[in-house]
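Quick notes on the structure that follows.
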Amino acid sequence: MHTLEQLRSGALAGTRRLDLSCGLRTLPGEVFDLADTLEVLNLSGNQLESLPKDLPRLHRLKVIFCSDNPFTRLPEVLGDCAALQVVGFKACRIAEVPSAALPPALRWLILTDNAITGLPPELGRRPALQKLMLAGNRLRDLPLGLADAQRLELLRLSANRFPQLPGWLTELPRLSWLALSGNPLGWHRPTPAPLASVPWQQLRVDGLLGEGASGHIYRVHQHDSAQGLALKLFKGAVTSDGLPEHELAACLAAGQHPALCTPSAELVDHPQGARGLLLPLIPSSYINLAGPPSLDSCTRDVYPAGLRIPMPTVLRLAQSMADAVAHLHQQGVLHGDLYAHNILWNPVSGQALLSDFGAGTLLPVDQPLHSRALQALEVRAFGYLLEELLAHAVADAGPASAMAGIAALTEACLDERPAERPVMAEVARQLASELPSRRV
C-alpha cells in the first residue's frame with residue numbers, strides 16, 4: 001500500500017500501479033502526474049462518492065478498483081476512459097449503473113455486494129466483455145442486450161432475486177463458469193442428509209493453512225483423536241461467488257467421491273457464531289495445479305513457468321477430474337468454479353482433488369433438460385482445463401494416440417454450440433478409454 005507522502009514527494013514517479021487507502025474523499029491531484037505510466041489504480045477502502053471528470057487524463061489506465069467506498073452510482077466518467085478494461089466496485093452502495101459508465105474496452109466488471117436492481121442493455125455491446133460479477137445485488141432479470149455478449153465466459157449471479165433465468169443464458173457460446181445459488185428460482189430439490197456436528201469446544205486449532213474469498217482454513221485436532229483435520233471458517237460476508245450457506249448446501253448435495261474435497265462434519269457452537277466445515281487434511285505433497293487468473297489473463301488460470309507434465313499423468317489427472325465432475329452432475333450439483341487453481345494435485349503420483357464449492361449451484365431434479373443445458377456450460381470449463389493440460393503435456397511421454405484423443409475431446413467440450421457438447425459422464429468414459437491396459 002502506498003502513502004500520500006510518497007505520492008506527493010514524487011517518490012512514485014513512473015509507477016504502473018498505485019494503491020491508496022487512507023480515508024480519501026477526493027482523488028489527489030498528484031495522481032495525474034503519473035498519467036504517462038499508470039495502468040492500475042486501486043482506491044479501495046476510502047470515503048469516495050465520486051471520481052473527477054478529468055479521470056480520462058490517465059490515458060494508460062487499464063484497471064480501477066474502488067471497492068468499499070460509499071458510491072451510490074457507478075461513475076459515468078469511467079465510460080470516457082478509452083483504455084479501461086477492468087472495473088471493480090465491490091461492497092459499495094451502488095444502486096444505479098448508467099450505460100455511459102461502461103468503458104468501450106470493458107473486459108471484467110465487478111459489482112458484487114451492492115444494491116443494483118437493473119443493468120443497462122448496452123452492457124452486451126461491450127465486445128471484449130469476458131467476466132461479469134454481480135453476486136449479492138437485487139437483480140430480478142438481466143437485460144436482453146446481454147444476449148449479445150458473445151465473449152462472456154464467467155458470470156456470477158448468486159444471492160440476487162431472479163425468479164427465473166432468461167432462455168438465452170445457456171445459449172451463450174463461451175459461458176463456462178456460472179454461479180446461481182441464493183435466487184428464488186423455485187427449483188425442486190430433495191433435502192440432503194445433514195452432516196455430523198462437531199462443537200468448537202472439541203477442537204484444538206494448530207495454525208492457519210490458508211485463506212480464500214469465503215473463509216480461512218485452519219489445521220485442527222479433535223481432542224479425542226490424533227488425526228488432523230482442516231477447518232474452514234466462513235467470513236460470513238457476500239463473496240464474489242455467493243454466501244457461505246450456499247457453499248454448505250452444495251457440499252451436502254455433492255456427497256463423497258475420491259477426487260472431491262468435501263466436508264465430513266459441520267462446526268457448531270463457535271463463540272462468535274461463525275459457520276464452519278471440517279474437511280480431510282490434505283497431505284502437504286499436494287499443491288495447487290495453477291494460480292487464479294491475473295488481471296491480464298482475466299478468465300484463464302496462471303500456471304507455473306516451465307511446468308511440464310508427463311502425458312500419462314495428464315491422462316490420470318484429467319480422468320479423475322472428469323469422473324469427479326460427472327459425479328457432481330449426477331448429484332445435481334454445478335461446481336461453478338471448475339478451474340485448475342481449485343485442483344490440488346500430487347505431481348509425483350498424478351492424484352488430484354477438486355475443492356472449493358463456493359460457486360456451487362444446486363440444479364432442479366425435476367427439470368432434466370434445463371439441468372443438462374446448465375451442465376453443458378461446465379463441460380466447456382472442463383474443455384479449457386483439458387486445453388491447458390495439453391499445453392503443459394510432455395508429448396513424448398505417452399502414446400501419440402492419447403494426445404490426439406484428448407485434443408479431439410477438448411474440441412468437443414469447447415464447441416460453441418452448447419447442445420453439441422458431450423455430457424460429463426461421456427467425457428469421463430472417453431478419458432478412461434485412453435488409459436490403455438492401465439499402462440499409466
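Here are the numbers for the structure shown:
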item	result
Pairwise label distance in nanometres, R308 with T37, each label 7 Å out on the Cα-Cβ vector	3.8 nm
Proximal lysines to K235, defined as alpha-carbon separation beneath 17 angstrom and excluding residues fewer than eight positions away on the same chain	K90
Virtual spin-label span in nm between Q367 and Q164, 7 Å along Cα→Cβ	0.9 nm
Gap separating the Cα centres of segment 170-249 and segment 1-34, nearest whole Å	38 Å
Extension gain from A13 to H223, taking 0.36 nm per residue of separation minus the Cα-Cα distance	70.0 nm
Quotient of C-alpha Rg and 2.2 N^0.38 Å, computed over segment 85-165	0.98
Within segment 1-96, trypsin sites (Lys or Arg not before Pro) in DSSP loop having at most 16 other beta-carbon neighbours inside 10 Å	R16, R25, K53, R60, R93
Inter-probe distance in nm under a simple model that places probes 7 Å from Cα toward Cβ, at S297 and D141	3.8 nm
Cα centre as origin, Lys/Arg/Asp/Glu Cβ charges: the chain dipole, Debye	80 debye
Option label - semi-axes √(5λ) of the Cα gyration tensor in Å computed here, alternatives (i) 36, 26, 24; (ii) 75, 29, 20; (iii) 32, 27, 25	(i)
Cα centroid separation, segment 315-346 to segment 123-150 (Å)	27 Å
Partner aspartates and glutamates for K62 [C-alpha distance under 15 Å; skip if fewer than 8 residues away on the same chain]	D19, D36, E39, D80, D296
Gain in span if fully extended, R429 to A128, counting 0.36 nm per residue against the direct Cα distance	104.8 nm
For the chain, calculated [θ]222 nm from helices alone, where every DSSP H run of n ≥ 4 adds -39500 (n - 2.57)	-6000 deg cm²/dmol
Extended-chain gain in nm, criterion 0.36 nm per residue less alpha-carbon gap, V205 and A95	35.5 nm
Centroid-to-centroid separation of segment 400-415 and segment 259-290 [C-alpha atoms, Å]	34 Å
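Values in this text are rule-based calculations from the coordinates and carry no lab data. Everything numeric in this text was worked out from a predicted model, so none of it was measured. Counting neighbours? That spans all protein chains shown, and the Cβs are built from the backbone with ideal geometry, glycine included.
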